[in-house]
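Enquirer: Sharing a structure, written as structure tokens. Questions coming.
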Amino acid sequence: MKSSLRPASSGNLTTEASGIEQFVLSVLFVLLVVAYGSIGRDVFFNRLNDPNIDDPIGAVLVYIRFGLCALTVMIVVMTTGLAAIRNALPLALLPYLVLAMVSFVWADDTKGVLRAAIILTALYFAMSPLILRLGREKAMMLLVHVIAVVVILSTLLAVFLPSIGTHTGEEMVQASHGGRWRGLFSHKNGLGPWGAFGTIIFLFYPGMMRVPRLYTFVALVCAAACLIFSGSATSLIGAVTMLIALALLRINRAGGPLVTLVAFVGGLFAGVILLTLFYDQFFGLIGRDSSFTGRTEIWEIAIEYIKLSPILGHGYQSLGGPTFLEFVASYAQQAIQGPESLYLASLLDLGIVGFTLFFLPIVMALVRVAANLRAVRSNGERDTLEAAFLIVTSALFMGITETTPFVCTGFDGVVCFVALFVILQFDPRSNVGRVRSTAAAPVARRSPTTLNVRTV
């Protein structure tokens with residue numbers, strides 16, 4: 001059998017990878033998701049149970065992540081050439097990465113900020129070309145399978161080993177968490193987003209998994225159970241957000257942008273009225289109060305610290321710096337993961353400049369995907385783009401009350417970044433219409449797992 005580990009013609013990353021290369025790249029993709037998500041580590045080394053526990057995995061995890069990224073880049077360069085990697089990178093996000101990298105200059109925790117920025121940049125340079133080399137359809141399929149495995153194993157742990165898979169009520173978290181599922185993670189808010197993503201995707205896009213329906217059904221039941229029994233109100237709202245976004249995408253497909261805009265504005269107006277009329281009942285329904293479990297008080301403190309450095313912030317993933325974190329921990333009488341809001345954390349980290357450089361490309365990519373989905377003729381590609389769209393939209397909404405959705409090493413951050421890279425790579429000029437053909441790199445025979453690349 002001929003080896004497929006050889007450069008593709010003209011550095012074309014869209015030429016079909018096959019054989020051993022497909023297998024190696026698929027394994028690397030899964031390993032990157034597992035490593036960046038720290039999936040399973042808390043089963044053995046949970047600092048919520050014992051803050052002084054010796055965690056050998058955590059001590060080397062940063063090297064594992066960087067090593068996997070370096071290996072991925074090396075293999076992709078070997079098979080496609082360096083130029084192909086450059087062409088695969090979503091350049092709209094590059095200014096943000098540059099700012100994150102140089103922010104150690106003005107940060108208090110120089111080493112911590114630089115390390116976090118390097119790990120994010122490594123994921124960017126490894127995962128983006130890896131997704132395009134595998135094909136967006138297959139990359140999302142692999143991600144969905146990882147979600148399925150996570151929710152199934154988490155359900156088994158919660159049901160059969162509750163001392164590991166649920167909160168005991170004795171950890172260094174609120175006592176009210178006792179009995180709630182946390183599965184493979186250290187906290188219920190880690191499991192909740194995976195349950196939300198899985199519930200909606202397994203329900204509306206079961207064909208993405210390309211497995212027998214029984215497996216998809218089991219994954220759906222486990223995802224729904226993880227979403228419900230984790231007791232994460234933010235994740236529940238995130239799942240509802242995915243449903244609303246899905247409805248708008250279907251309306252857009254049937255009626256076009258104008259009808260979608262009318263539906264969105266009308267729904268938003270109705271939602272504001274209902275929330276105004278049933279304000280207390282809404283928070284009671286999700287088991288929260290209007291302070292979002294004390295978050296609004298922390299937000300007020302965060303805003304004051306943002307004012308200290310509003311333009312460039314305090315350094316990437318510094319979460320306001322040691323002084324802010326110590327003050328908040330003292331105020332709340334427990335360790336707090338920053339300001340408990342993705343948006344406030346972004347402003348604390350890299351200020352108004354970083355906030356704009358990060359969220360503007362995301363919003364533009366979401367608009368571009370939504371505006372051009374009707375013209376995508378491949379059902380597989382359309383499902384892939386829609387699923388990624390739903391994940392990113394949900395992450396943006398969950399980010400109102402959670403910090404981790406777009407922290408690449410957070411509970412759900414790697415899932416959100418994979419989906420983000422998928423929509424950032426979408427170019428309606430080269431992905432809609434007839435199949436692309438080039439003299440230098442003719443399109444190889446398609447397999448069921450290969451993205452159908454299309455162009456105008």
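The values are calculated or read from the model by the stated rules, or taken from the named source; none is laboratory data. The model shown is predicted, which means the values in this text are computed figures rather than measured ones. Here Cβ is always computed from backbone atoms with ideal geometry, including for glycine, and neighbour counts include all displayed protein chains. Note: areas computed on protein heavy atoms with side chains; ligands, DNA, RNA excluded. Shrake-Rupley method; radii C 1.70, N 1.55, O 1.52, S 1.80 Å.
Enquirer: Please specify each residue of the range 110-119 satisfying the condition of being open to solvent by 80 Å² or more (accessible area, probe 1.4 Å) and touching a residue at least 24 places away in the same chain (Cβ under 8 Å).
Expert: Selection gives 115 alone.
Enquirer: When you check residue 227 against the structure, is it open to solvent by 20 Å² or more (accessible area, probe 1.4 Å) and in a helix (DSSP H, G or I), yes or no?
Expert: Details: open to solvent by 20 Å² or more (accessible area, probe 1.4 Å): no; in a helix (DSSP H, G or I): yes.
No; evaluated as a whole, the condition is false for this residue.
Enquirer: Pairs, please: C-beta under 8 Å, at least 6 apart or cross-chain, first residue farther than 23 Å from residue 399 by Cβ and open to solvent by less than 40 Å² (accessible area, probe 1.4 Å) and in the range 362-380, second modelled with pLDDT under 85 and of a type in the set (Lys, Arg)?
Expert: Close Cβ pairs satisfying both conditions: 373/253; 376/454; 378/454.
Enquirer: Could you list all residues from the range 123-144 that are open to solvent by 10 Å² or more (accessible area, probe 1.4 Å) and within 30 Å of residue 322 (Cα to Cα)?
Expert: Across the range 123-144, the qualifying residue is only 125.
Enquirer: Is one or more of the residues making up the range 188-203 open to solvent by less than 70 Å² (accessible area, probe 1.4 Å), assigned to a loop (DSSP other than H, G, I, E, B) and touching a residue at least 40 places away in the same chain (Cβ under 8 Å)? Write out each step before concluding.
Expert: Restricting attention to the range 188-203, the residues satisfying the condition of being open to solvent by less than 70 Å² (accessible area, probe 1.4 Å) are 188-202.
Subsequent filtering for residues that are assigned to a loop (DSSP other than H, G, I, E, B) retains none.
Checking the range 188-203: not a single residue is open to solvent by less than 70 Å² (accessible area, probe 1.4 Å), assigned to a loop (DSSP other than H, G, I, E, B) and touching a residue at least 40 places away in the same chain (Cβ under 8 Å).
Enquirer: If I filter the range 384-391 for residues that are outside any loop (DSSP other than H, G, I, E, B) and free of Cβ contacts under 8 Å to residues at least 12 places away in the same chain, do I get at least one hit?
Expert: Initially, the range 384-391 is screened for residues outside any loop (DSSP other than H, G, I, E, B), giving 384-391.
Subset that is free of Cβ contacts under 8 Å to residues at least 12 places away in the same chain: none.
No, the range 384-391 contains no residue that is outside any loop (DSSP other than H, G, I, E, B) and free of Cβ contacts under 8 Å to residues at least 12 places away in the same chain.
Enquirer: Another question, if that's okay. Given the structure, is residue 407 under 21 Å from residue 93 (Cα atoms) and either free of Cβ contacts under 8 Å to residues at least 12 places away in the same chain or surrounded by fewer than 17 Cβ atoms within 10 Å (Cβ to Cβ) (or both)?
Expert: Details: under 21 Å from residue 93 (Cα atoms): yes; either free of Cβ contacts under 8 Å to residues at least 12 places away in the same chain or surrounded by fewer than 17 Cβ atoms within 10 Å (Cβ to Cβ) (or both): no.
Judged against the criteria, residue 407 is not a match.
Enquirer: When the range 392-404 is examined, which residues are found to be closer than 16 Å to residue 144 by Cα and either assigned to a loop (DSSP other than H, G, I, E, B) or free of Cβ contacts under 8 Å to residues at least 40 places away in the same chain (or both)?
Expert: Once the filter is applied, which keeps residues that are closer than 16 Å to residue 144 by Cα and either assigned to a loop (DSSP other than H, G, I, E, B) or free of Cβ contacts under 8 Å to residues at least 40 places away in the same chain (or both), the range 392-404 yields only 392.
Enquirer: Take the conditions modelled with pLDDT under 95, closer than 29 Å to residue 419 by Cα and open to solvent by 40 Å² or more (accessible area, probe 1.4 Å) and apply them to residue 337. Does it pass?
Expert: Here the answer is yes, as residue 337 does meet what is asked.
Enquirer: Next question. Which condition number in (1) among the small types (Gly, Ala, Ser); (2) within 16 Å of the chain's Cα centre (by Cα); (3) within 26 Å of residue 203 (Cα to Cα); (4) surrounded by fewer than 24 Cβ atoms within 10 Å (Cβ to Cβ) is the one that residue 394 fails?
Expert: The failed condition is (4).
Enquirer: Considering only residues that are surrounded by fewer than 19 Cβ atoms within 10 Å (Cβ to Cβ) and on the phi > 0 side of the Ramachandran plot, look in the range 38-90 and name the one that is modelled with the highest pLDDT.
Expert: Per the stated criteria, the residue is 40.
Enquirer: Taking helices (runs of 4 or more DSSP H) that fall entirely within the range 51-146, which contain at least 3 residues that are more than 17 Å from the chain's Cα centre (by Cα) and among the β-branched types (Val, Ile, Thr)?
Expert: Once the helices (runs of 4 or more DSSP H) in the range 51-146 are filtered for at least 3 residues that are more than 17 Å from the chain's Cα centre (by Cα) and among the β-branched types (Val, Ile, Thr), what remains is 56-80, 110-134.
Enquirer: If you don't mind, another one. Is at least one residue of the range 152-164 free of Cβ contacts under 8 Å to residues at least 40 places away in the same chain, open to solvent by less than 20 Å² (accessible area, probe 1.4 Å) and more than 16 Å from residue 33 (Cβ to Cβ)?
Expert: No, the range 152-164 has no match at all.
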